[in-house]
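The values are calculated or read from the model by the stated rules, or taken from the named source; none is laboratory data. None of these values were measured; they are calculated from a predicted model. No Cβ is skipped: glycine too gets one built from the backbone with ideal geometry, and neighbour counts run over all protein chains shown.
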Amino acid sequence: MLTGMGSDGAAGMLAMRQAGSRNLAQDEATSVVFGMPKVAYERGGAERLLPLDRIAPAVIDLLSERKS
């Protein structure tokens, strides 16, 4: 989940997480608007908050875990 406002995306992230997906959200320091990533994290839809420049490497790490 990247920068954004509202909570509609957070509900979808939570549903995905409950179905077994691995979800990441952008941290407050690098977000223009931290509303949606914050709510996604607070509700448990995002497992980690990361700076924007760390999200792509984290996704690669998660994909590497699946191959092992």
Close pairs (7 angstrom Cβ cut-off, 6 or more residues apart or separate chains): free of Cβ contacts under 8 Å to residues at least 12 places away in the same chain in region 48-61, of a type in the set (S, T, N, Q) and surrounded by 14 or more Cβ atoms within 10 Å (Cβ to Cβ) anywhere: none
For region 1-45, give me each residue that is surrounded by 14 or more Cβ atoms within 10 Å (Cβ to Cβ), of a type in the set (S, T, N, Q) and farther than 23 Å from S64 by Cβ. T3, S7, T30, S31
Do the conditions hold for M16, that is, is it in a loop (DSSP other than H, G, I, E, B) and under 12 Å from the mean Cα position of the chain (by Cα)? no
Please work out if A19 is in contact with a strand residue (DSSP E or B) (Cβ under 7 Å, 6 or more places away or on another chain) and either of a type outside the set (S, T, Y) or at pLDDT 95 or above (or both). no
Candidate set from region 46-68 (those that are small (G, A, S) and modelled with pLDDT of 95 or more); member that is surrounded by the fewest Cβ atoms within 10 Å (Cβ to Cβ): A56
Do we find that A29 is in a loop (DSSP other than H, G, I, E, B), under 9 Å from the mean Cα position of the chain (by Cα) and modelled with pLDDT of 95 or more in this structure? no
